[in-house]
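Visitor: Could you have a look at this structure, given as structure tokens, before my questions?
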Amino acid sequence: MNVHPSTITATGTFFDGRSARPHPVTLRLGDRLEIVGGEIREDWSLYDIRASETEPPTMRLTLAGSPTRVEFTDEALADAIGTRCPDLHVDDEAHGGVLRLVLWSIAAGLSVLLVAIYGVPAAAGLIAPLVPQKVESQFGASIDGQVVSLLGDPPLCDDPAGKAVLDRLVARMIEGAGLQVAPVVSVRRHKMANALTLPGGHVIVLADLIEKANSADEFAGVLAHEFGHVVHRDPTKAVITAGGVSFLLSLILGDLTGSTLIIGVGQAAISAGYSRDAERAADAYGVAMMLRAGGNGAALATILEHIDEDAEKEGSPTGFLRSHPYTKERAATIRRLAGEQKPHARILSDEDWQVLKRICPTSKPKPGDAKPKASGD
């Protein structure tokens with residue numbers, strides 16, 4: 001092939017229009033535009049090259065009537081393309097090229113949407129039980145830092161006395177529960193009444209939840225509910241679903257750097273939108289756990305209603321409610337499952353509850369502050 005006296009060479013990325021797989025290529029601009037790399041051998045007429053919208057310094061070129069495209073960031077090549085391609089900014093819509101591409105894009109988008117809505121969640125339900133508990137725990141620990149970062153890096157609440165009460169409470173709740181992995185519960189200072197459960201039993205309690213709880217049983221009821229999600233591996237299913245959807249989105253957008261996937265997984269851990277069936281199952285598990293531990297099984301209903309009322313007043317529904325419109329239905333079901341409560345049933349003594357509420361102290365403890373005592377029955 002003849003070489004143009006002012007041939008310009010640069011590197012770029014080629015997309016064949018059939019998949020989002022990027023192909024590293026070398027571009028040579030002379031009398032025509034050669035695109036070469038691996039199995040890619042393209043020879044474009046300068047009259048058929050069109051420019052697509054993109055953010056500088058990236059330049060995206062397409063071939064008229066073809067779904068293929070090439071991207072590069074070389075300024076010299078971009079300037080030469082602008083000079084040598086007379087129809088670079090011609091609108092091909094009148095010839096039906098753009099319309100065909102739009103229709104194909106819509107069809108592809110709808111296909112991906114259907115897979116994301118129906119296929120990915122179904123696959124997540126099948127995959128999650130196959131993930132070894134050790135791997136799931138490691139996965140939860142690995143995304144813990146990302147979740148904390150997305151929350152704004154709230155400080156860890158680790159007052160020794162309060163942490164001791166919390167650990168004792170968790171141990172009492174999970175005793176005889178048959179959990180394959182012991183939950184790891186941490187508290188972080190945050191102005192949101194919420195509890196986040198990550199894969200592998202990592203539970204992050206945001207301190208305002210403790211503040212809004214009127215009793216230890218209300219707080220423990222929320223923990224028991226989250227432990228229900230741990231048992232049913234709902235966080236792992238949610239993360240797998242989010243990862244699958246994010247991966248599909250990456251294919252459509254051509255973002256294979258992993259940023260979309262990483263953000264999707266982190267957001268899923270923060271705002272896991274479990275199904276109503278999953279919420280009901282976690283509620284039922286939580287009630288049973290509270291009753292077995294000697295607590296008030298109906299306390300979860302009370303705090304759900306309390307947080308729901310506060311959320312409506314503030315106009316900011318909390319993530320813990322998740323199925324917010326169905327709070328009344330959930331509360332009624334919880335009370336029915338709890339049945340008749342033993343008089344004065346409580347999972348912690350009043351003294352221990354006061355100590356736990358100070359797990360995020362705003363000041364140093366004063367002499368005479370309550371010390372943790374044995375839990376009441």
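Visitor: Hey, does region 134-144 have a residue that's in the same structural domain as W353 (by TED's automatic domain parsing) and modelled with pLDDT of 85 or more?
Guide: no
Visitor: Continuing with the same structure: Consider region 143-188. How many of its residues are among the small types (G, A, S) and in a loop (DSSP other than H, G, I, E, B)?
Guide: Number of matching residues: 5.
Visitor: Somewhere in region 315-333, is a residue out of contact with any Pro (no Cβ under 6 Å at 6 or more places or on another chain), of a type in the set (F, W, Y), modelled with pLDDT under 90 and assigned to a helix (DSSP H, G or I)?
Guide: yes
Visitor: If the requirement is being surrounded by fewer than 23 Cβ atoms within 10 Å (Cβ to Cβ), touching a residue at least 40 places away in the same chain (Cβ under 8 Å), of a type in the set (V, I, T) and within 26 Å of P361 (Cα to Cα), which of these qualifies: V185, V170, V165?
Guide: V170
Visitor: Would you pick out the residues in region 53-63 that are modelled with pLDDT of 90 or more and either among the small types (G, A, S) or closer than 15 Å to G12 by Cα (or both)?
Guide: Scanning region 53-63 gives P57, T58, M59, R60, L61, T62.
The values are calculated or read from the model by the stated rules, or taken from the named source; none is laboratory data. This structure is a prediction, so every number in the text was calculated from the model and none was measured. Here the Cβ is made from the backbone with ideal geometry for all residues, glycine too, and neighbour counts use every protein chain on show.
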